[in-house]
1. Restricting attention to chain B, give the cysteines that have no other cysteine Cβ less than 4.7 angstrom from their Cβ.
2. In whole Hz, with x marking every Gly and Pro, tabulate ³J(HN,Hα) for the range A:203-211 from phi via Karplus 6.51 cos²θ - 1.76 cosθ + 1.60, θ = phi - 60°.
3. How much mean residue ellipticity at 222 nm does chain B get from its helices, if each DSSP H run of length 4 or more adds -39500 (n - 2.57) and you divide by all residues, to the nearest 500 deg cm²/dmol?
4. Mind pulling the per residue volume of the convex hull built on the Cα atoms of the range B:165-230? Å³ is fine.
5. Accessible area per residue, 1.4 Å probe, Å², for chain A: what's the number?
6. What are the residues whose amide H is under 5 Å from the amide H of B:Thr96, where those residues sit 5 or more places off or on another chain and H is modelled from the backbone?
7. With a cut-off of 8 Å between alpha carbons and a minimum separation of six or more residues, what is the relative contact order of the range B:136-260 in percent?
8. Tell me which lysines have Cα within less than 17 Å of A:Lys136's Cα, excluding those fewer than 8 residues away on the same chain?
Amino acid sequence: MIGQAIFFIILAGAVYLFWKNAAKIRRNILLGRDADFSDRPAERWATMARVALGQSKMTRRPVAAILHLFVYVGFVIINIEVLEILIDGLFGSHRVFSKPLGSFYGLLIGGFEILALLVLLACVIFLIRRNVLKLKRFTGQEMTSWPKSDANYILITEVLLMAAFLTMNAADYKLQALHYSHYLKAGSFPVSEFIAPLLPSQASALVIVDRVCWWFHIIGILAFLNYLPYSKHFHILLAFPNTYYSRLKPKGQFTNMDSVTNEVKAMLDPSFVPEAAEVSRFGARDVTDLTWKNLMDAYTCTECGRCTSVCPANITGKKLSPRKIMMDTRDRVTEVGNNIDRHGKDFADEKTLLDNYITREELWACTTCNACVEACPVNINPLEIITEMRRYIVMEESQAPASLNNMFGNMENNGAPWKYSQADRLNWAERD
Amino acid sequence: MEQKIPTMAEMAAEGKQPEILFWVGCAGSFDERAQRITRDICKILQHVGISFAVLGTEESCTGDPAKRAGNEFLFQMQAMSNIQVLDGYNIRKIVTGCPHCFNTIRNEYPALGGNYEVIHHSQLIQQLIDEGKLKAEGGENFKGRKITFHDPCYLGRGNDVYEAPRRALEILDADLVEMKRCKSNGLCCGAGGAQMFKEPEPGKRDINDERMLDVLEAKANVIASGCPFCMTMLTDGVKHMEKEQEIKVLDIAEITVRANGL
């Protein structure tokens with residue numbers, strides 16, 4: 001009974017805390033400007049099914065794709081086992097699904113065990129890739145100590161959780177063989193039967209191992225759940241809404257600024273009366289100038305670095321890294337959110353996303369080639385943020401690089417980015 | 001040009017409406033290298049007998065580099081005045097010689113009231129090949145030459161056009177090779193996003209030089225492309241490597257013209 005009560009308190013506390021922190025992230029995302037993504041719902045569901053559920057964009061890197069698939073499938077399916085653990089914990093039962101499911105239960109537990117082993121192996125390989133092989137994709141200026149530790153914490157936690165799950169089963173397997181107390185014969189243990197010989201043989205010691213692993217496993221899962229909102233690992237949840245709200249237009253198509261359209265129409269036609277639009281700044285100086293989708297992108301980023309590894313600017317040694325753009329945006333909006341919590345809604349610090357986080361040198365190095373957008377396995381768009389910030393620099397500050405100002409001047413004066421007379425536009429037709 | 005290039009103004013004066021407008025673009029109008037491609041696109045149009053016209057001095061920049069650089073005002077000014085000209089001539093169908101013009105008119109003009117059917121010249125060539133109107137005979141033989149296609153970002157990733165330009169190469173008796181970074185994974189030439197008009201930020205090397213590593217690895221002796229900016233960057237890249245003798249950079253239109261002896 002006491003065990004059940006403690007379990008209930010821990011579970012309720014963990015769920016409450018997670019809910020509170022997830023709500024904070026939702027609030028932070030909604031600090032962004034409004035944007036309408038209500039069109040083409042069928043296509044959006046299909047995109048989500050393909051890209052998030054089906055992991056279609058992971059296939060480009062087959063080794064990472066297979067390892068990630070193990071962890072992903074393992075995570076989703078082992079959660080069925082967690083459901084049983086929750087019921088057992090709340091009602092003091094033991095392997096509550098074993099009776100109703102009959103022989104299928106054995107198959108299920110056997111399957112979980114194999115998955116758990118695959119998850120464990122995949123996580124160990126991932127740790128080796130990061131810490132021993134030191135793959136280039138996991139390094140870079142933005143991969144400072146916290147992002148590196150974050151990744152390792154996630155992987156180590158998953159290794160420990162799977163190890164606890166398998167050890168628990170091994171103890172259970174041994175107790176079942178001893179026909180001890182309520183440990184009825186249930187499940188099959190294709191992996192943990194090999195761990196069993198390593199465990200003590202007395203029933204009392206085995207019960208302790210079983211219980212310790214059981215509590216460690218479930219408390220570990222609940223702790224991990226509460227780690228998510230502080231971690232890049234939040235992608236396991238946001239990948240789904242983020243792919244649902246994907247941009248469905250051709251990648252080459254940049255957003256149209258309706259606020260500018262009104263002004264241009266008024267300039268070209270003095271009789272044009274623009275609809276009253278809210279006065280906002282052109283482009284983005286801080287995170288609140290971006291759309292909520294840009295901010296959701298930022299919270300969805302799991303820092304895998306596929307974007308940066310294909311960025312032509314980054315490859316050739318420029319400062320720009322699309323992953324840094326996303327991480328900076330996330331860190332800044334988190335900071336803005338924390339400021340609101342601490343100092344109230346209207347508090348403004350002296351910082352902005354532009355300059356305090358993202359430098360102009362990074363922004364001007366972008367070729368707008370869309371390689372980062374194409375590479376992202378969860379359809380994040382760093383290019384939109386870069387463009388919005390360029391818009392701010394050019395239209396609000398008039399601080400474009402001098403050579404680009406020359407190009408603008410040429411376009412205004414003679415309708416071409418170079419200084420050629422419009423009257424000479426057809427000269428090519430004269431020669432052969 | 002052997003045959004005169006008709007302008008919309010001249011056609012309209014004669015009460016004629018061409019089948020398609022050829023949007024030449026700024027590079028195609030002024031850059032000497034790109035002018036040759038412009039003339040070749042006209043040769044193809046004339047060869048198959050499509051009635052077309054150009055805007056000539058009434059054409060103006062689409063505003064693409066302004067938009068990518070963040071100058072939405074200038075972009076929309078350009079776009080709206082171009083739309084006025086295009087609508088004034090009641091134009092419905094446009095072929096462009098540049099992926100940037102193609103992307104901008106096709107995708108970004110509709111929000112400002114300009115709705116046209118827009119194709120890139122590689123798509124026109126593909127159509128003509130598929131219809132049997134264009135072959136690869138009577139001209140230069142590409143047999144045994146290793147050709148690789150460099151995907152322009154605003155044609156490939158930007159608009160998912162990957163097969164059309166390759167179709168123009170497939171009909172040659174040549175050895176087609178793909179670079180390691182191709183199609184949706186293609187590496188930019190370094191000119192997009194208004195980079196063409198500024199010096200690159202400090203770094204290890206220039207992007208076009210990076211691209212040359214892929215060309216060398218594929219052992220190609222012809223780099224085909226479909227974009228005047230890629231043309232400039234790739235040609236410079238070949239020059240930096242001092243490989244002008246071994247590696248030629250050619251537009252899809254030039255290859256088509258040569259293969260047909262036009």
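The values are calculated or read from the model by the stated rules, or taken from the named source; none is laboratory data. Keep in mind the model is a prediction, meaning the values are calculated, not measured. For neighbour counting, all protein chains shown are included, and Cβ atoms are generated from backbone atoms with ideal geometry for every residue, glycine included. Calculation scope for accessible area: heavy atoms of the full protein, side chains included, ligands and nucleic acids excluded. Shrake-Rupley method; radii C 1.70, N 1.55, O 1.52, S 1.80 Å.
1. B:Cys26, B:Cys42, B:Cys61, B:Cys182
2. 4, 4, 5, 5, 4, 5, 4, 4, 5
3. Values: 11 runs with 108 residues, N = 262.
Rounded to the nearest 500, it is -12000 deg cm²/dmol.
4. On the way: hull volume 6.7 nm³, N = 66.
Convex hull of Cα atoms, per residue: 101 Å³.
5. Working: 20230 Å² over 432 residues.
With the other protein chains kept in place, chain A gives 47 Å² per residue.
6. Those lying under 5 Å, H to H, from B:Thr96 are B:Trp23, B:Ile119, B:His120, B:His121.
7. Working: 190 pairs, mean separation 43.9, N = 125.
Dividing the mean separation by the residue count of the range B:136-260 yields 35 percent.
8. Leaving aside lysines fewer than 8 places away in the same chain, those within reach of A:Lys136 are A:Lys148, A:Lys318, A:Lys319, A:Lys324, B:Lys204.
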